[in-house]
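Reading through the structure tokens given below for one structure.
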Amino acid sequence: MNRVAENLLHTKLDHAAIRSDFPILARQARHGKNLIYLDNAATTLKPRQVLDAVYDHYAYGASNIHRGVHYLSEEATRLYEGARETVRDFINARETKEIIFTSGTTFAINLVAKSWGRKNISAGDEIVITHMEHHANIVPWQMLREETGCILNIAPINDRGELDMAALESLITPRTKLVSVVYTSNSLGTINPVRDIIRLAKKHGSAVLLDAAQTVAHTKVDVQNLDCDFLVFSGHKLFATSGVGVLYGKRAILEGMPPFMGGGDMIKSVTFEKTTYADLPARLEAGTPAIGGAIGLAAAIGYVRNIGFDSIAAQEKDLLTYATGLVSDIPGLRIIGTAAEKAAILSFIVDGVHPHDMGSLLDAEGVAVRAGHHCTQPLMTRFKIPATTRASFSFYNTRADVDALVAAIKKAIEVFA
Ligand code: PMP
């Protein structure tokens, strides 16, 4: 057997076994059609292993963490802090103090803006984002601009949906305090050259935040190797439940960040005159966190690692190539986002069919996609379109799912012909 064949064998997934891990894939969608789930960029499905971990916590181990002295509380604390270690290892952070559990990507970026931003950014300082950011990486910086008078610079993109790196480079100057960019675009699928971006930012002493919401379920992320200052993601896009997410930050930076929320669990001592704060990571995690969510996230990470990113990437690449080839033959269909480096996200528009109508007609065939601006309105404006229909793939999708998508698109076009 030659090397290529060996590799294929190695990365080939056992689809039947994998799909049976996801109970939802056995259910039917509208009109009793089989569910074809192609909305993974919005949220991923949850395997039984994650559901069991969450269920077991609430069924047999429900308890609050840290403050309890009883058996169940100690057990829940162990599992919650164990999940922090699992996340640390997953993204190769140096230490668990660098992992802050949040409710998701949005909360994590807001935490950085409202804590680090308020302390480190003042009038005239500059923040660089890109034209392809999710609203979660736009609005918090606009709010900071309102508060501080800082300047928000937008790096442009080309018609394929790739960052204009020369323009980005010219925007990063000694006045730049933060470069905050999406690693993988949720609307276009573009995978940004984050290493080059980090290098440019570091040249001028700027901090870098990577929005990895669409990245961590698809490729290995190593924060030490990347040398980013912050990295954020959501559990629900990584096969875990909603309500849990992660802010990674370099320890020295997190240590300089004032608490953003005050309350239980984040203090050392409280009197009416003065409160002293706990050390990291508790200092930035006020209140009872998503305990079951964190436990589920650890299970999800275990699940993904078991499958392996080589196999995941191979499967998703095959699906993207196959789908791109098939839809490219459909007259009147235009793919939005054709970057050379692209994740398995297929956004498209079709002449004469509104993306929302397309979404509804696909739904009638059991094909779940997203239609809209995908929380990237400035990006839609850049492409002079109101919305796209977006199919986004995960490793449990198959070529048969793509065939169903393509057949449903063709049927929808006939309705409008
Ligand atoms: N950034 C990107 C790139 C996203 O895709 C999303 C979710 N669509 C977010 C941020 C926000 O994530 P959440 O809603 O889980 O906070």
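Key figures for this structure:
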quantity: Residues that are within 17 Å of G117 (Cβ to Cβ) and hydroxyl-bearing (S, T, Y), drawn from segment 130-157; calculated: T148
quantity: Among the residues listed as R118, R88, R145, the single one being part of a helix (DSSP H, G or I) and under 21 Å from the mean Cα position of the chain (by Cα); calculated: R88
quantity: Meets criteria (of a type in the set (A, V, I, L, M), in the same structural domain as S185 (by TED's automatic domain parsing) and either within 30 Å of A83 (Cα to Cα) or not in a loop (DSSP other than H, G, I, E, B) (or both)) for I335; calculated: no
quantity: Residue match in segment 219-233 (condition: touching a Lys or Arg at 6+ places or on another chain (Cβ under 6 Å) and of a type in the set (F, W, Y)); calculated: no
quantity: Hits in segment 77-112 (condition: of a type in the set (K, R) and open to solvent by 50 Å² or more (accessible area, probe 1.4 Å)); calculated: R78, R94, K97
quantity: Some residue of segment 69-76 being open to solvent by less than 30 Å² (accessible area, probe 1.4 Å) and among the polar types (S, T, N, Q); calculated: yes
quantity: Hey, A313 in the same structural domain as Y37 (by TED's automatic domain parsing) and more than 16 Å from the ligand (Cβ to nearest atom) or not; calculated: yes
quantity: Candidates Q214, Q142, filtered to the one that is farther than 29 Å from L38 by Cα, open to solvent by 10 Å² or more (accessible area, probe 1.4 Å) and within 16 Å of the ligand (Cβ to nearest atom); calculated: Q142
quantity: Condition broken by K342, with the remaining ones in (1) of a type in the set (D, E, K, R); (2) under 20 Å from the mean Cα position of the chain (by Cα); (3) farther than 22 Å from E133 by Cα satisfied; calculated: (3)
quantity: Matching residues in segment 24-66 - criterion: being open to solvent by less than 80 Å² (accessible area, probe 1.4 Å), part of a loop (DSSP other than H, G, I, E, B) and of a type outside the set (A, V, I, L, M, F, W, C); calculated: K33, N40, T43, T44, K46, P47, G61, S63, N64, H66
quantity: Residue satisfying condition, being open to solvent by 40 Å² or more (accessible area, probe 1.4 Å), of a type in the set (K, R) and in a helix (DSSP H, G or I), within set R283, R305; calculated: R305
quantity: Positions within segment 92-126 being within 16 Å of the ligand (Cβ to nearest atom) and in contact with a Phe, Trp or Tyr (Cβ under 9 Å, 6 or more places away or on another chain), in sequence order; calculated: I100, F101, G104, T105, A108, I109, N110, L111, V112, A113, K114
quantity: Residues of segment 131-158 that turn out to be touching a residue at least 40 places away in the same chain (Cβ under 8 Å) and either under 11 Å from I197 (Cα atoms) or among the charged types (D, E, K, R) (or both), as a count; calculated: 1
quantity: Segment 157-177 - residue that is part of a strand (DSSP E or B) and more than 16 Å from the ligand (Cβ to nearest atom) and, of those, least open to solvent (accessible area, probe 1.4 Å); calculated: T176
quantity: Filter result (surrounded by fewer than 19 Cβ atoms within 10 Å (Cβ to Cβ), closer than 24 Å to D211 by Cβ and of a type in the set (A, V, I, L, M, F, W, C)) within segment 381-417; calculated: I385
quantity: Subset tally (residues that are in contact with a strand residue (DSSP E or B) (Cβ under 9 Å, 6 or more places away or on another chain) and open to solvent by 10 Å² or more (accessible area, probe 1.4 Å)) for segment 217-228; calculated: 4
quantity: Out of G243, G189, G235, sole residue that is open to solvent by 10 Å² or more (accessible area, probe 1.4 Å), within 13 Å of the ligand (Cβ to nearest atom) and under 30 Å from I18 (Cα atoms); calculated: G243
quantity: Failed item in (1) on the phi > 0 side of the Ramachandran plot; (2) out of contact with any Ser or Thr (no Cβ under 8 Å at 6 or more places or on another chain), with A368 passing the rest; calculated: (1)
quantity: Test: residue in segment 329-337 that is modelled with pLDDT of 95 or more, open to solvent by less than 10 Å² (accessible area, probe 1.4 Å) and closer than 30 Å to A155 by Cα; calculated: yes
quantity: Per-region count, segment 350-385, residues assigned to a helix (DSSP H, G or I) and within 14 Å of the ligand (Cβ to nearest atom); calculated: 3
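The values are calculated or read from the model by the stated rules, or taken from the named source; none is laboratory data. Please read all numbers here as calculations on a predicted model, not as lab measurements. Because the Cβ atoms are built from the backbone with ideal geometry, glycine has one as well, and the counts that use them run over all protein chains shown. Surface areas here come from the heavy atoms of the whole protein model, side chains and all, with no ligands, DNA or RNA. Shrake-Rupley method; radii C 1.70, N 1.55, O 1.52, S 1.80 Å.
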